[in-house]
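Notes follow the structure.
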Amino acid sequence: MKEVGVLNRAVANALTKQGHGDLLMVTDAGFAIPRGVEVVDLSLEENKPMVLEVLAMLRKNFSVEKMFMANQTKLVSPTLFSKISNAFGEGIPVETVDHSAMKEMSKAVKTVIRSGDFTAYGNVILVSGAGSRWFCENEG
C-alpha cells in the first residue's frame, strides 16, 4: 500500500505523465476547463483545498521551470499572486498573460488539477522542469 508521496491516485498518475516542458494547470473552483482535457477534481467544498495547498504538495513531488498566471491575478488577488509566484522557491520565472490567454493555453495542458479555492483568478499553469537531480557529466 502506498503510504508516502502523493497518495491521490489520479494526481500521482498525472504527475507520471509529465515530461520536461509539459504543462500542468492548477485551478480555482470556477475555472472553465476545456472539454477533452484530463481533470483531477480535488474540490471538496468552498475553499477546500486551496490552490496554495495543492502547490505545496506538488512542490515536494514535481519540478517546475516556469509558471504562467493571469494579469488579473496580480491586480485582483495580489497576495495570492505573490504566494503562488514563490510556491516553488525563488528564481522560478513567472510570465503574466491576460486571463483569456490563460483559457486558450489551458487547452494545451496535459492535466488540470481543480481545487476548491474561491479566490478570484487563482489559476496557474506550471511548466514541467528538470529538477536538481539531473546533471551533465561534461559541462561545456
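Considering segment 13-24 alone, what residues qualify as being touching a residue at least 40 places away in the same chain (Cβ under 8 Å) and either in a helix (DSSP H, G or I) or of a type in the set (A, V, I, L, M) (or both)?
Within segment 13-24, 14, 15, 23, 24 qualify.
List the pairs whose first member sits in segment 106-117 and is within 10 Å of residue 25 (Cα to Cα), whose second member is among the acidic types (Asp, Glu) and at pLDDT 95 or above, and whose Cβ atoms are under 6 Å apart, counting only residues at least 6 apart or on separate chains?
Qualifying pairs under 6 Å: 110/22; 111/38; 114/41.
Every residue in segment 88-113 that is among the small types (Gly, Ala, Ser), in a loop (DSSP other than H, G, I, E, B) and open to solvent by 20 Å² or more (accessible area, probe 1.4 Å), please.
Selection gives 91 alone.
For segment 40-87, which positions are surrounded by 15 or more Cβ atoms within 10 Å (Cβ to Cβ) and in a strand (DSSP E or B)?
Answer for segment 40-87, where residues must be surrounded by 15 or more Cβ atoms within 10 Å (Cβ to Cβ) and in a strand (DSSP E or B): 40, 64, 65, 66, 67, 68, 69, 70.
Scan segment 1-27 for residues that are farther than 20 Å from residue 66 by Cβ and either under 14 Å from the mean Cα position of the chain (by Cα) or open to solvent by less than 20 Å² (accessible area, probe 1.4 Å) (or both) and jot them down.
Step one: of segment 1-27, the residues farther than 20 Å from residue 66 by Cβ are 1-13, 16.
Matches in segment 1-27: 6, 11, 12.
If you go through segment 25-38 one residue at a time, how many are closer than 19 Å to residue 99 by Cβ and not in a loop (DSSP other than H, G, I, E, B)? Give the steps one after another, and end with the answer.
So the first thing to find is which residues in segment 25-38 are closer than 19 Å to residue 99 by Cβ, and the list is 25-35, 37.
Still in the list and also not in a loop (DSSP other than H, G, I, E, B): 25-27.
Matching residues across segment 25-38 total 3.
What do you reckon, is residue 137 in a strand (DSSP E or B) and either in contact with an Asp or Glu (Cβ under 8 Å, 6 or more places away or on another chain) or over 21 Å from residue 10 (Cα atoms) (or both)?
For residue 137, the condition - in a strand (DSSP E or B) and either in contact with an Asp or Glu (Cβ under 8 Å, 6 or more places away or on another chain) or over 21 Å from residue 10 (Cα atoms) (or both) - is not met.
Can you tell me how many residues within segment 110-126 are within 15 Å of residue 70 (Cα to Cα) and touching an Asp or Glu at 6+ places or on another chain (Cβ under 7 Å)?
3
The values are calculated or read from the model by the stated rules, or taken from the named source; none is laboratory data. Values in this document were obtained by computation on a predicted structure and should not be read as measured data. Because the Cβ atoms are built from the backbone with ideal geometry, glycine has one as well, and the counts that use them run over all protein chains shown. SASA here: full protein model, heavy atoms, side chains in, ligands and nucleic acids out. Shrake-Rupley method; radii C 1.70, N 1.55, O 1.52, S 1.80 Å.
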